[in-house]
Ligand SMILES: CC(C)(COP(=O)(O)OP(=O)(O)OC[C@H]1O[C@@H](n2cnc3c(N)ncnc32)[C@H](O)[C@@H]1OP(=O)(O)O)[C@@H](O)C(=O)NCCC(=O)NCCS
C-alpha cells in the first residue's frame with residue numbers, strides 16, 4: 001500500500017451518475033467546451049482556453065504528470081450521455097509526507113447538483129483507504145463558495161486564510177486552506193458504521 005500504487009493501477013470509479021477514469025487525448029473537444037467557458041474559469045488559477053490547441057496542450061501535461069507520478073486527474077464522465085463533463089484529482093502528490101491536494105473543475109451546465117462531491121468523495125476514500133495518505137488538502141479563493149462548500153461536504157475543515165496567496169487574472173487573492181486528516185476520516189467512518 002502506498003502512493004505509487006495509484007500510478008500502477010490507475011483506478012476507475014463508478015458512482016450513481018458518474019464514471020471516473022484517466023484522461024486521454026480523445027477528451028480534448030469535451031474538455032475544451034468546459035475550459036473555454038469564462039464563467040468556469042473566472043475562479044481558476046489557469047487562463048481560459050481560447051482554442052482546442054490549448055486543451056490538447058493541457059491534456060498532454062496531464063498525461064506527462066501520470067508518467068512522472070506527480071499528479072492524477074480523473075476525467076468525470078456523465079454515464080447517461082457518455083460525455084466528459086469535468087475533472088477531479090490529486091495534485092501535488094507528496095510521497096515523503098504522504099499528502100496530496102485536491103483539484104477539480106466542472107462544466108457550468110452541471111453545477112450545484114452534487115456532481116463534484118459525488119466524484120471527489122471516491123478520491124478521498126481511495127486516498128486514505130488504499131494509498132495510505134495522511135493528509136488531503138485543498139485551497140480556493142475566499143470568494144468561491146461553490147468550491148469551499150464541496151470541501152466542507154467532503155469533511156475537510158478550514159485551517160485559515162492564506163493572505164494574497166495567489167495572483168489570479170492579475171489580482172492578488174486570499175485563499176482558504178482546508179484539510180482532512182486520516183484520523184478525521186477514520187473517526188467519521190467509525191461513526192457511520194456505528195449508526196448503521
Ligand atoms: C466549484 C465546483 C467544482 C463545484 O462543483 P459542483 O458539482 O457544482 O459542487 P456540488 O454541487 O457538489 O456542491 C456545491 C455547493 O456549493 C453551494 N454553492 C454554490 N454556489 C454558491 C454560492 N454562490 N453561495 C453559497 N453556496 C453556493 C451549492 O449550493 C452546493 O452546496 P449544497 O450542496 O450544500 O447546497 C464548480 O462550481 C466549478 O467547476 N467551478 C469553477 C471552477 C472552480 O472554481 N474550481 C475550483 C477551484 S478551487
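Miscellaneous remarks
- Prolate/oblate/rounded call for segment 1-93, Cα gyration tensor, a/c under 1.5 rounded: oblate
- Between 171, 118, 137, the residue with the greatest mean-square fluctuation in the GNM of the chain (Cα pairs under 10 Å linked by springs) is 171.
- Calculated Rg and Dmax of segment 44-133 using C-alpha coordinates, Å: 14.0, 40
- The chain, relative contact order in percent, only Cα pairs under 8 angstrom and at least six apart counted: 18 percent
- Estimated [θ] at 222 nm from DSSP helical runs (n ≥ 4, -39500 (n - 2.57)) normalised by residues in the chain, nearest 500: -11000 deg cm²/dmol
- Reducing segment 131-196 and segment 70-128 to their Cα centroids gives an inter-centroid distance of 14 Å.
- With the largest listed first and rounded to whole Å, the semi-axes of the equivalent ellipsoid of the chain from the Cα gyration tensor are 25, 21, 17.
- Semi-axis lengths, Å, segment 87-196, gyration tensor of Cα atoms, sqrt of 5 times eigenvalues: 24, 17, 13
- The label-point distance for residue 165 and residue 61, in a model that sets each label 7 Å from Cα toward Cβ, rounds to 1.9 nm.
- Mean separation of Cα contacts under 8 Å (6+ apart) over length of segment 1-89, as relative contact order %: 33 percent
- By definition, a body whose alpha carbon gyration tensor gives a ≥ b ≥ c is oblate when a/c is 1.5 or more and a/b is not larger than b/c, and segment 46-87 fits this oblate description.
Every number here is computed from the coordinates shown, using simple stated rules; none is lab data. Worth saying up front: this structure is predicted, and the values here are computed from it rather than measured. Because the Cβ atoms are built from the backbone with ideal geometry, glycine has one as well, and the counts that use them run over all protein chains shown.
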